[in-house]
Amino acid sequence: MNILVIGDQLSLEEAKQKFGGTHTWYHRAMHFQLDEVINQVDVVFDFMPSPDSINNYRLRKELPVFFNTALITLKTIFGNNDVDQLMAFGFCGLPTFLNRELMEVSVRTESELPALALMCKKLGTDFKQVSDSIGLVTPRIICMIINEAYCTVEEGTATRSDIDLAMKLGTNYPYGPFEWCNRIGIKNVVDLLKSVYLTTRDERYTICPLLLQEAAGTR
């Protein structure tokens, strides 16, 4: 397949790790100069979507596009936009969340599920449908655990290394909370937690002051 990745180099590399090297890969760092490649590709992974970026796909409304919906929903991306024929799916494009055995994917309508299943089969990945909500499921949980780990350190209950070791041994997670935070990017973690809190107003997503300070580079 011909796959276009719109995002940074890290996003491209993780997509290649996830889907393998048998595909032909195209890469653009921004939504510029897409006209020359948009007609050559079979699917797009857009790691940096916005409502304005929808206009780039008007020439190929039938094109399957996976939009990074970690911080923005498909509903918000499309709004009242009239690109109804576009096959649009949501996924988490934050580092470490694409290259997993199971892809969490959202759709705008149930009618898009057959197209999603077909595309995932072509890509060679299993998937699980989740609701079109900020943070999806796994990213939201992981970032909340990272936040709680920062609270634990701030309270002086345990050290970072102890927390990382305890979580890996106790839950069989591949990384401890602080290791995972470094891989995801601390600012990405804060941005996700902020977005979820603003959407839900759930106090569980109130960001630990220590996490905010480190994200801002003040500590």
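The values are calculated or read from the model by the stated rules, or taken from the named source; none is laboratory data. The model shown is predicted, which means the values in this text are computed figures rather than measured ones. Positions of Cβ are generated from backbone atoms using ideal geometry, with glycine treated the same way; all protein chains shown enter the neighbour counts.
List the strands (runs of 3 or more DSSP E) that sit entirely inside the range 75-142 and contain at least 1 residues that are buried (at least 19 other Cβ atoms within 10 Å of the Cβ) and touching a Leu at 6+ places or on another chain (Cβ under 7 Å).
Where strands (runs of 3 or more DSSP E) fall fully within the range 75-142 and carry at least 1 residues being buried (at least 19 other Cβ atoms within 10 Å of the Cβ) and touching a Leu at 6+ places or on another chain (Cβ under 7 Å), they are 87-91, 102-107.
Would you be able to say whether some residue in the range 52-73 is assigned to a helix (DSSP H, G or I), surrounded by fewer than 19 Cβ atoms within 10 Å (Cβ to Cβ) and in contact with a Gly (Cβ under 7 Å, 6 or more places away or on another chain)?
Checked against the condition, which is being assigned to a helix (DSSP H, G or I), surrounded by fewer than 19 Cβ atoms within 10 Å (Cβ to Cβ) and in contact with a Gly (Cβ under 7 Å, 6 or more places away or on another chain), the range 52-73 yields no hits at all.
Using the structure shown, decide if Ile38 is closer than 25 Å to Thr199 by Cα, β-branched (Val, Ile, Thr) and touching a residue at least 24 places away in the same chain (Cβ under 8 Å).
no
Taking the range 176-190, which residues are surrounded by fewer than 19 Cβ atoms within 10 Å (Cβ to Cβ) and touching a residue at least 60 places away in the same chain (Cβ under 8 Å)?
Matches in the range 176-190: Arg183, Gly185.
Specify which of the listed residues (Leu193, Leu211) is in contact (Cβ under 8 Å) with a residue 60 or more places away in the chain and part of a helix (DSSP H, G or I).
Result of the check over Leu193, Leu211: Leu211.
Considering each residue of the range 1-47, count those that are at pLDDT below 95 and either in contact with a Pro (Cβ under 7 Å, 6 or more places away or on another chain) or polar (S, T, N, Q) (or both), and give that number.
Number satisfying all stated conditions: 4.
Among (1) surrounded by 20 or more Cβ atoms within 10 Å (Cβ to Cβ); (2) touching a His at 6+ places or on another chain (Cβ under 9 Å); (3) of a type outside the set (D, E, K, R); (4) in contact (Cβ under 8 Å) with a residue 60 or more places away in the chain, there is one condition Met1 misses while meeting the rest; what is its number?
(1)
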